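Everything on this sheet refers to the single structure shown next.
Read the figures in this text as sums done on the coordinates, not as results from a lab. Treat the numbers as computed from the prediction; the structure is a model and nothing was measured. Cβ sites come from the backbone with ideal geometry, for glycine too, and all protein chains shown count toward neighbours.
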Amino acid sequence: MKTFTATPADIDKKWILIDAEGVVLGRLASIIAMRLRGKHKPSFTPHMDMGDNVIVINAEKIQMTGKKRDEKYYWHTGHPGGIKSKTKAEILEGAHPERVVMKAVQRMLPGGKLSRLQMTHLRVFAGAEHGMDAQKPEVLDVASMNKKNTRTA
């Protein structure tokens, strides 16, 4: 029995549409990261870009548990004293609410060239409209997936 290693000819990429309305951010990000890497496929090969193209809509309507809305994102401008910060709530209410989802998914992927390539296959939109109808994406119902997997007491 030989180990299967995928080649570029074996890779079959699909387009997946995910509605983020009412879904917890961390659970959504882990599902997206798994789809981007291709770990949901039986032919997964770690060093190949096997993942699907993912479209996320309604990023401004995601949910966060606990006090995560008050946690801050930090960045540096490159100038002395240039440390900046904003809370997740400020970013969600601001001009670019899709950045919260992008950053959560990016931090769930392993670092490196392959992860940067896989992040280019993610498209996040703040509202319900997206311009990707020509790709005929399959709808992935993440909200019902999480309800089945959570325990009810």
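Remark: spin-label model distance THR77-MET145 equals 4.0 nm, labels positioned 7 Å along the Cα→Cβ axis.
As a proxy for reagent exposure, ranking LYS61, LYS136, LYS13, LYS2 by other Cβ atoms within 10 Å from fewest up yields LYS2, LYS136, LYS13, LYS61. Structure note, pairs LYS67/LYS113; LYS41/LYS103; LYS86/LYS113; LYS103/LYS136; LYS13/LYS41: Cα-Cα distances above 21 angstrom occur for LYS67/LYS113; LYS41/LYS103; LYS86/LYS113; LYS103/LYS136. Between rounded, prolate and oblate, where does segment 56-146 land on the alpha carbon gyration tensor, with a ≥ b ≥ c its root eigenvalues, rounded for a/c under 1.5, else prolate if a/b exceeds b/c? Since a/c reaches 1.5 and a/b is larger than b/c, the shape of segment 56-146 is classed as prolate.
The calculated Kirkwood hydrodynamic radius for the chain is 16.9 Å, given to one decimal from all distinct C-alpha pairs. Residues whose amide H comes within less than 5 Å of that of VAL56, counting only those at least five positions distant or on another chain, are ILE18, ARG123, VAL124, PHE125 (H built at 1.01 Å from N in the peptide plane). In order along segment 59-67, the Karplus-derived 3J(HN,Hα) couplings, from 6.51 cos²θ - 1.76 cosθ + 1.60 at θ = phi - 60°, round to 5, 6, 10, 6, 10, 9, 8, x, 9 Hz, and Gly and Pro are given as x. Anisotropy class assigned to segment 71-119 is oblate, per the alpha carbon gyration tensor with a/c at or over the 1.5 cut-off and a/b no larger than b/c.
Taking the longest Cα principal axis of the chain as reference, the axis of helix 25-37 is set at about 30 degrees.
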